[in-house]
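Worksheet for the structure shown next.
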Amino acid sequence: MAEKGTISINTENIFPIIKKFLYSDNEIFLRELVSNAVDATQKIKKLASIGEFNGELGDLKIKVAVDKDAKTITISDAGIGMSAEEIKKYINQIAFSGAKEFLEKYKEKTDTKEIIGQFGLGFYSAFMVAEQVEVISKNYKDEPAARWICDGSTEFEITDSDKAERGTDIVLHVSEESAEFLDNFKIKQILEKYGKFLPIEIEFDGNVINNPNPIWTKSPSELTDEDYLKFYKELYPFGEDPLFWIHLNVDYPFNLTGVLYFPKIKKDFQLNREKIQLYSRQVFITDDVKNVVPEFLQLLHGVIDSPDIPLNVSRSYLQADGNVKKINSHITKKVADKLSELYKNDRKAFEEKWESIGLFVKYGIISDDKFYDRAKDFTLLRNIDNQFFTFDEYKEKVKPNQTDKNETTVYLYANDKAKQDAYIESAKKREYDILLLDDVLDGHFINALESKLEKVTFKRVDSETLDKLIDKDIKIESVLTEDEKTKAEGIFKEFAGTNMVQIEALPTDELPVSIVLPEFMRRWKDMQAISGQAGMFGDMPLGLTIVSQGMLSGNDLTKFIQRSVETLQ
Ligand code: ADP
């Protein structure tokens, strides 16, 4: 018996979305079809568990096979299956989502998380690669099996089939243009990419390619540190062990699970924004999470799984999406809570990890005001003697000795311990404390802190002479006379090709003068160096660059000046 008919399409809402599929990666067809097979398998398991199906469940593995000669890709499951009537209902009416109906029907008994498809058109992505698609299916009620075939037009044909086992085979007759998919290696790659953690076993080429029970689906209480570390290796086989991790598990007001790992961040870290993997009900969606996770959190590694992140919508929509915003602030809060807990539980260990944690926290503070509020009590400042202070502790420590006439406390810092050694020594003689701020982000971090910490200003230890730095009335004896100083300044201005140079006396025996750049100018340069852009001072005269970069520094510089002064005399 054969029946012919016309597929009814609710074009208004479907075509724009199908187009979206068509314009994005073709390989998504496999994700969609395997997801359908997973859904069908979850459904039969569900029916068995609530006593609506009493037969043998049997082997529930989903099998994918490529037949190069026949030019087909077949996806087979032993799921719920479909009768001819059901195929007509679920497959033909593409605007009608069987998944939605199933959810309605079993609302009370099932967990929505278990059902992937909700759009009602995943199946049709098959036509992105196939010129003809067959559905051969037998349902769990043991009704006669059926075979449906369609060439992507609105015409279809449905006939009886002799399929004996429960379940569905989707046979794709791959089109000439998509012949690249008739390749075992390619299909394996796609399966591993999207299906690595699907909840039902997927067999390809004789092997199961997935881990159906990844740790984020389990309760933290069932898991040991080893489990987390093992999973990290599964995600990033070549990664160094992470420092710690956060297990996310939210049911309300949105659904979110996942494990985020805190990596060891190197001083010269490269921003790697492709580390966190986004899943929806264990189906891989993307590792480009920039619209879902705040920028500084993208330094984290791991997995987020949320069915509440809309997947097939534009970026601007995503950014405005309420759930995405809530997820963002939830993750930010969780990360801050974890850091705060680590800080409180073992400050020593926290300090030891500060090199990694610090970069992350600084990035957070620079880019997210809310994060600053959460982090301000555990953010640490480190001085050149390797002592750590919270903001409050540090203020208390240096306030008595480093507050200027305007009641502003000056935080002195060095960003190159070796080159600035003479300045550091001379500041120490005056019992000033010096912070070490030599991370790539510190220029921005200092700017952020100046706008947040009240009555605090940062000055690099060599940016002006110490009495000026703290703006106190201290008389300094210079080894150079006023006359010599003026001459030296003249030489330097010519050498550097700018009037920005000042020569100042230093209160130290070893270094009679210092060449200084105003603090603001230094900072510009430092920040430019990380952003790599040629900015305001990009074309600074060579001489000045040499001096400010310390190619002539300390003793050499001193000698150079003295020699120059002598020549003049
Ligand atoms: P969605 O999965 O988003 O509901 P699809 O277009 O992918 O939409 O599929 C439509 C419907 O067809 C599904 O909801 C399901 O009822 C049915 N279906 C698709 N594939 C299978 C399958 N392998 N086994 C059983 N039913 C299926």
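Quick note: the coordinates plus some simple rules give every number you see, no bench work behind them. In this text, all values refer to a predicted model and were calculated from it rather than measured experimentally. Virtual Cβ from ideal backbone geometry, glycine too; neighbours counted across all protein chains shown.
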Q: Would you mind putting 171-178, 390-397, 136-143 in packing order, based on average other-beta-carbon counts within 10 Å, highest first?
A: 136-143, 171-178, 390-397
Q: Would you grab the residues whose amide H sits under 5 Å from the one on Phe244? Only those 5+ places off in sequence or on another chain, please, with H modelled 1.01 Å from N.
A: Phe262
Q: Express in whole angstrom the spacing between the alpha-carbon centres of segment 143-192 and segment 235-267.
A: 38 Å
Q. Across segment 176-182, in residue order, what do the Karplus-derived ³J(HN,Hα) couplings come to in whole Hz, using 6.51 cos²θ - 1.76 cosθ + 1.60 with θ = phi - 60° and x for Gly and Pro?
A. 3, 5, 9, 4, 4, 7, 8
**Q.** Greater than 32 Å apart at Cα, pairs in Lys230/Lys338; Lys71/Lys233; Lys4/Lys193; Lys417/Lys455; Lys138/Lys193; Lys233/Lys353
**A.** Lys71/Lys233; Lys4/Lys193
Q) Hey, can you rank 398-406, 322-330 by average C-beta count inside 10 Å, highest first? A) 322-330, 398-406
